[in-house]
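A.B. asks: Here you go, one structure.
The values are calculated or read from the model by the stated rules, or taken from the named source; none is laboratory data. All figures in this text were calculated on a predicted structure; none of them were measured in a lab. Because the Cβ atoms are built from the backbone with ideal geometry, glycine has one as well, and the counts that use them run over all protein chains shown.
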Amino acid sequence: MKLYDTGVYLVNGRDIVEPPQAGNLISPEEAAKNTIAYGILEAHNTSGNMDKLQIKFDKLTSHDITFVGIIQTARASGLEKFPVPYVLTNCHNSLCAVGGTINEDDHMFGLTCAKKYGGVYVPPHQAVIHQFAREMLAGGGRMILGSDSHTRYGALGTMAMGEGGPELVKQLLCQTYDINMPGVVAIYLKGTPRPGVGPQDVALAIIGKVFANGYVKNKVMEFVGPGVANLSADFRIGIDVMTTETTCLSSIWQTDEKIEEFYEIHGRSEDYKELKPGDVAYYDGCVEIDLSEIKPMIAMPFHPSNTYTIDELNANLDDILADVEKKAQVSLDNKVPFTLRDKVIDGRLYVEQGIIAGCAGGGFENICAAADILRGSSIGADAFTLSVYPASTPIYMELAKNGVLAELLATGAVVKTAFCGPCFGAGDTPANNAFSIRHTTRNFPNREGSKIQNGQISSVALMDARSIAATAANKGFLTSAEEYTGEYTNQKYFFDKTIYDNRVFDSKGVADPSVEIQFGPNIKDWPTMAALAENLVLKVVSEIHDPVTTTDELIPSGETSSYRSNPLGLAEFTLSRKDPAYVGRAKEIQKAQQAIQNDQCPLEAVPELKPVLEVIHKDFPDTGKGNLGVGSTIFAVKPGDGSAREQAASCQKVLGGWANIANEYATKRYRSNLINWGMLPFLIPAGDLPFKNGDYLFFPGIRKAVEEKAEVIKGYVVGDTGLKEFDVTLGELTDDEREIILKGCLINYNRR
């Protein structure tokens, strides 16, 4: 795999030409307009300026731990009907087993809202969000926005983006998605995958190469080259969905007769569109991949970029496992002992669990290939278990019709319904100290459901379904699918949407205002949020020095998902696995802001503020009643990797958070979530911090600084005897984003 140091031309869709050899080719600026991405973005841009995009999407999609908050926010902002097709799937809170009725209450909320506002409702266990979108929503040249980070349908010719809920709220209120024109990086494929190599192997190889160096961060990955034609539609989809883990903005692929066949199989031939770059296209970078050189891969705990070939791991077990332990203790803050070296038995690595599931693993071809490898085998009667989750009921039905389901069950595997739970800790949580291999999307710490604060730890490695099956056939001993020498049956897929016709509610875009929304006791409105004050006093209530902080660490997944519709209830879990003292600290200082909003004295609510304000008054004597906001902030080196869930920001906000301070933000979507919840996305240079956890910070004139687009903002650490100055910046903000921050949140902004 080769990463180019400069931009490149792609000529006739096949030949990479670096600028020094470009000769008489058109300018990079003109050739950049010939990428697939440029054409789709231009067709959806409403600004008239391709440098400053204002995008309107064709369709929206959400699942049941995001759509309640999104619709509640939109309702508070004046929603009357869904202006574009909006699909509400129920694939995250599907178990309905935690917290009494509250998960099913969310589903009934979604059904009644689909009726009232003119949407589509997909009942639990019918399909995971992204498989339904592939089967029923995607189309050549379209753009789809989803409130899940793995919203990626580029293989089907659809540019899709996963963002936090407020960005969907904007679309529901006929506003736009505002970004600078992103860079476009060519992912140039050549060659053909060897037998036993699946889409997850290719995806992990790419992630391992580009995540740490940020090569495609916030850019569009455009898959081109002769190797694309050598991949089936399912194979492309399996690579595409994992592009999220590179921190790219979106993805798009050239399309051909195999994608045309995909649409024909799904009864939507009219939605196919041939997409390919122009004769001379210019890309801001290029990743050149020879598919024939990719071997079965494994991403070891605790990140999808921690990649090795399975052969490499098996040949160097002790050294690699020692390195995994060292990295793990950074992620786990040395809070619990962690090792995988006790899994080595007679020189082989033993695994307790295998999972093939969700938007990445639950595809038809993955499951059929796994069944081929397992045919005639047994997973054994020891600790190892294998669970398979087809990504939709139509896939499940076809597996039943073609006999694959029976073959899998005969091995001892358990085949379950469409559900995203294993991806975020709401299903198949491993035993303490267990090791799970999964064809799912992520393997962050504790994402599989263990609770470090309770002394629990288990871990996940990501692998392709084929090597998981090979491992299962060897009773749990880690095995590369290349060791399987049998035949692959290459079962043909037949899609039957009868179950969708019978079970999915589709309003056809017709709203019925007479429908009463069905609420439950756990579905709560957003609390009142204040506008940005003239001056801010912030207490640092958490300090995180991990190289990257994921949204799972900011607001844990798993059992907390049941509280996603209850802003204050969910906020109690904020940073609970990373910094359990955070919530108490944040709520204590929040009392001051609550007193201010109730026209009471903040010093009586929080007595420790008195000496802080006394120090501030020495230099800023006018700071006080009527011009002061008080709250909390956290510092993290690089927060926001992973999920799009807005609650990673909104939970801080409802606990009185006014800002994050970071060296950089891992993803655009997390920074957007901060802004949409009225939080300041401060940046500070890497190096020695001028403050520490527990310090008070003072930002005089902060409102004016935001209004006047100050490039540098002065802050002060409040010491016992005086103020110590330091600088922060906000990065680029649109005028609307500044107004949202000034108003206090997107809800307030839309109440203009």
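A.B. asks: Scan the stretch 681-699 and tell me whether some residue there is under 25 Å from the mean Cα position of the chain (by Cα), of a type in the set (Val, Ile, Thr) and over 14 Å from PHE726 (Cα atoms).
C.D. replies: No: zero hits.
A.B. asks: Here's another thing I want to ask about it. Of (1) in a loop (DSSP other than H, G, I, E, B); (2) assigned by TED's automatic domain parsing to the domain that holds ARG671; (3) touching a residue at least 40 places away in the same chain (Cβ under 8 Å); (4) under 30 Å from ASN750 (Cβ atoms), GLN590 satisfies all except one. Which?
C.D. replies: (1)
For every residue, the table says whether it meets (1) within 24 Å of ARG438 (Cα to Cα); (2) in a helix (DSSP H, G or I).
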| position | (1), (2) |
| --- | --- |
| TYR188 | no, no |
| PRO193 | yes, no |
| GLY196 | yes, no |
| ILE206 | yes, yes |
| LYS209 | yes, yes |
| GLY214 | no, no |
| MET221 | no, no |
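A.B. asks: For the stretch 486-522, how many residues meet the condition of being among the hydrophobic types (A, V, I, L, M, F, W, C), in contact with a helix residue (DSSP H, G or I) (Cβ under 6 Å, 6 or more places away or on another chain) and closer than 28 Å to ILE747 by Cα?
C.D. replies: Result for the stretch 486-522: 3.
A.B. asks: Further question on the same structure: Considering each residue of the stretch 386-409, count those that are in contact (Cβ under 8 Å) with a residue 12 or more places away in the chain and either of a type in the set (D, E, K, R) or out of contact with any helix residue (DSSP H, G or I) (no Cβ under 9 Å at 6 or more places or on another chain) (or both), and give that number.
C.D. replies: Of the residues in the stretch 386-409, 3 are in contact (Cβ under 8 Å) with a residue 12 or more places away in the chain and either of a type in the set (D, E, K, R) or out of contact with any helix residue (DSSP H, G or I) (no Cβ under 9 Å at 6 or more places or on another chain) (or both).
A.B. asks: Is the stretch 730-738 home to any residue that is in contact (Cβ under 8 Å) with a residue 60 or more places away in the chain and aliphatic (A, V, I, L, M)?
C.D. replies: Looking through the stretch 730-738, none of the residues is in contact (Cβ under 8 Å) with a residue 60 or more places away in the chain and aliphatic (A, V, I, L, M).
A.B. asks: Moving on. Please specify each residue of the stretch 496-510 satisfying the condition of being surrounded by fewer than 18 Cβ atoms within 10 Å (Cβ to Cβ) and part of a loop (DSSP other than H, G, I, E, B).
C.D. replies: Once the filter is applied, which keeps residues that are surrounded by fewer than 18 Cβ atoms within 10 Å (Cβ to Cβ) and part of a loop (DSSP other than H, G, I, E, B), the stretch 496-510 yields ASP496, LYS497, LYS508, GLY509, VAL510.
A.B. asks: Please pick out the residue among LYS653, LYS668 that is of a type in the set (Lys, Arg) and modelled with pLDDT of 95 or more.
C.D. replies: Unique residue meeting the criteria: LYS653.
A.B. asks: What residue, of GLY358, GLY363, GLY380, is at pLDDT below 95 and under 29 Å from the mean Cα position of the chain (by Cα)?
C.D. replies: GLY358
A.B. asks: Scan the stretch 14-35 residue by residue and report those that are under 18 Å from TRP253 (Cα atoms) and crowded, with 17+ Cβ neighbours inside 10 Å.
C.D. replies: ILE16, ALA31, ALA32, ASN34, THR35
A.B. asks: On to the next question. Within the stretch 37-67, which residues are assigned to a loop (DSSP other than H, G, I, E, B), of a type in the set (Val, Ile, Thr) and either touching a Leu at 6+ places or on another chain (Cβ under 9 Å) or within 15 Å of GLY154 (Cβ to Cβ) (or both)?
C.D. replies: THR46, THR66
A.B. asks: Pairs needed: first member in the stretch 317-340, among the hydroxyl-bearing types (Ser, Thr, Tyr); second member anywhere, assigned to a helix (DSSP H, G or I); C-beta distance under 7 Å; at least 6 residues apart or different chains.
C.D. replies: THR339/GLU325
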